[in-house]
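The values are calculated or read from the model by the stated rules, or taken from the named source; none is laboratory data. A quick note: this is a predicted structure, and the numbers were derived from the prediction, not measured. Note that we place each Cβ from the backbone using ideal geometry, even for glycine, and neighbour counts take in every protein chain shown. The accessibility values were calculated without ligands, DNA or RNA, using every heavy atom of the protein model including side chains. Shrake-Rupley method; radii C 1.70, N 1.55, O 1.52, S 1.80 Å.
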Amino acid sequence: MTDPDRQVWDGMLAHLRVQHPEVCRQWFEELEPVGIAGGQFQLRALTVFHRDYLRERCTEAFNDALRSVTGALINVRFIGPEDPLLQSPGRRPKGENGAAAAARASGGAAGNDPDRHEIGGAGGAEARGSVGGTGIGGTHEAAGLSGHAPGGPLNGPLNGHVNGHMNGQAEAHGAGRVEFKPGMGGTRREDWHSRSAAGESRRHDSVLVNPDYSFENFIVGPGNRLAHAAAQAIATNPGRVYNPFFVHGGVGLGKTHLLQALCLRIAENYPGSVFYYTSCEGFVTQYIESVQRGQMSEFRHRFRDVDVLVIDDIHFLASRESSQEEFFHTFNALFNTQKQLILSSDAPPEEIPDLEERLVSRFKWGLVTKIDAPTYETRITIVKSKAKVRGLAMPDDVACYIAAKIDTNIRELEGAVVKLHIKSAVDCRDIDIAMARETLETDSPPPSGETTLQAIIGVVTEFYGVRLADLQSRGRQRSIALPRQVCMYLARRCTRHSLEEVGGFFGGRDHTTVMHAVDTIEKRRKAEGEFDALVRSFEERLRAPRVV
Ligand code: ADP
Ligand code: MG
């Protein structure tokens, strides 16, 4: 006897593996089909992180798989461990194929996935009081905290790198406030905010925490051992052991991964904790907008009434005087109340240019730790781990080949694994050394100073969290218009495509639109230091030699 929903799900998994290998993850096998209602095939995910990730990254592929397996125009609905199930009005007859029943009930219409709106909405009620006062002026003895600030050369030009996020989990202007429900078996810190058990919410602008970025998937080696050990200690006693926790290192060495692993683990250990996770750009942008709109108290509530504040790439705070002032107060407010601060940067505090001395010294109150490039052995293990996450068989000689070929940035290692994954799915062949040679050796970097439209789109969409389809659409919302203009600008600066070609590619626009985009971006670069640094970092990434 086989559960019909399970049969559909098994078929979907098979379809996904062949047709959408790039989205497949090993943990998909842990998804549970839990019935049909309202024209939706419901799949339950292990955690809210998995649920949110699926909703944002996998909806299209899953819908395609579902429709292909059932032949019906129905949608997938992802739910979290505690989300209520949608119930169909009438019980479906025992043994009937649920998907087929849903297709009939829905009259075959696909409709919009209501969950998409749910994600984009303002989120649920946040039942807690706000932290009053600014908390400024307290003197702190960083009792028991060992400041440790290794020197070492910078791993990249300051401000020049915005770390691309392979899986797009952190966006420049994105910011995430996430509350976690109890029920994951952790203990509760009574001195942290008391809040409604049901008060889990994600904001419209939230950063997506990637379930792949867990401690389990973080490979420890000589380059990151200290950072990893410290992160684990913090996860068991946040706000107490190392506060702030400041991780620095070059691009693609695992800072964001470690920050997210820490969030995932704290959430597990302390259900109900409130997190705010943002990039430094997000902090600065929100600060400027709040000042302009006169909404500073809302801004302060957002950043200070949390248990854990995570700011990725804090070096972007450089040369932003008023933002530094505000961040200083935010820091004090959280530190005074023993909330955990987690920061990452491309340089140690004292080497961040134009960072106020009082911030430099505060950043050193807790633990400053560096992540160095992985050794050859660590790189082999990372390649194997990346393959495992994707459910791929990776022979040892191929892992060694990749690890030897790519010796700098871990993101590039993962890129090579992704490339082989797709190749093996398309050719229906297992990965072997011949395939690796053929696939990775033929890659030649674009001529220096020149790149491809595809590479530009890759960098921009990854950063802004938009899709190519959005860029090519008629949509003019700011969230799409800005990345589209950045793409057009980069295409004109870094490729030989004509105005007409660029306009045509981005949704059949004419050459004047491209000229306008170039002009707009140039003006904004001149006017705004951060934005200028961001675009420069895109240019640098596009010109850096790479494997994929
Ligand atoms: P950074 O923020 O330092 O630029 P990321 O955290 O975005 O780097 O890491 C880039 C990629 O490398 C991610 O896919 C991440 O999972 C992977 N990565 C980095 N360090 C490790 C590690 N120690 N183990 C496994 N994967 C890693
Ligand atoms: Mg990063």
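Considering only C-alpha atoms, what is the centroid distance from segment 500-532 to segment 230-306, in Å? After rounding, the separation between the Cα centres reads 33 Å. With an a/c value of 1.5 or above and a/b not larger than b/c for the gyration tensor axes a ≥ b ≥ c computed over the alpha-carbon atoms, segment 493-548 is described as oblate. Per-residue 3J(HN,Hα) values for segment 284-295, derived from phi via the Karplus relation 6.51 cos²θ - 1.76 cosθ + 1.60 with θ = phi - 60°, read 5, 4, 5, 4, 4, 5, 5, 5, 4, 8, x, 10 Hz in sequence order (x marks Gly and Pro).
Rounded if a/c is under 1.5, else prolate if a/b is larger than b/c, else oblate: which is segment 214-338, with a ≥ b ≥ c the root eigenvalues of its Cα gyration tensor? Show your work: numbers first, answer last.
Working: a/c = 2.22, a/b = 1.55, b/c = 1.43.
In terms of gyration-tensor shape, prolate.
Here the simple spin-label model places points 7 Å from the Cα toward Cβ, and for Ala404 and Glu32 these points are separated by 4.7 nm.
Full extension of the chain between Ala434 and Glu325 gives 33.6 nm of extra length, using 0.36 nm per residue less the Cα-Cα distance.
The Arg536 and Arg17 beta-carbon pair, evaluated with R₀ = 35 Å, returns a calculated FRET efficiency of approximately 0.30. Legend: distances between Cα atoms for Lys364/Lys523; Lys386/Lys423; Lys255/Lys384; pairs beyond 25 Å are Lys364/Lys523. Charge tally around Glu32: other residues with Cβ under 14 Å, Lys/Arg +1 each, Asp/Glu -1 each, net -3. Note on Ser361 and Met515: the model spin-label points, each 7 Å out from Cα along the C-beta direction, lie 5.6 nm apart.
Computed about its Cα centre, the charge dipole of segment 302-456 is approximately 560 debye, with only Lys, Arg, Asp and Glu carrying charge at their Cβ. Using θ = phi - 60° in the Karplus curve 6.51 cos²θ - 1.76 cosθ + 1.60, the 3J(HN,Hα) couplings for segment 526-536 round to 5, 7, 10, x, 5, 5, 4, 5, 4, 5, 5 Hz; x is entered for Gly and Pro. Rounded to the nearest whole Hz, the Karplus-based 3J(HN,Hα) values (6.51 cos²θ - 1.76 cosθ + 1.60, θ = phi - 60°) of segment 417-426 follow the sequence 5, 4, 4, 5, 4, 5, 4, 5, 5, 5, with x at glycine and proline.
By how many nm would the segment from Arg496 to Ala229 grow when fully extended, if each residue of separation counts as 0.36 nm and the alpha-carbon distance is taken off?
Details: separation 267, 0.36 × 267 = 96.12 nm, distance 4.80 nm.
Using 0.36 nm per residue and subtracting the Cα-Cα distance, I get 91.3 nm.
Taking segment 39-67 and a reference point 7 angstrom along Cα→Cβ of Ser479, the backbone N atoms nearer than 17 Å belong to 52-60. In the complete set of protein chains, residue-level accessible area for Cys428 is approximately 110 Å², probe 1.4 angstrom. With a ≥ b ≥ c taken as the square roots of the eigenvalues of the C-alpha gyration tensor of segment 334-430, please select rounded if a/c is under 1.5 and otherwise prolate if a/b is larger than b/c or oblate if it is not? Verdict is prolate for segment 334-430.
Note on Arg240 and Gln7: the model spin-label points, each 7 Å out from Cα along the C-beta direction, lie 5.4 nm apart.
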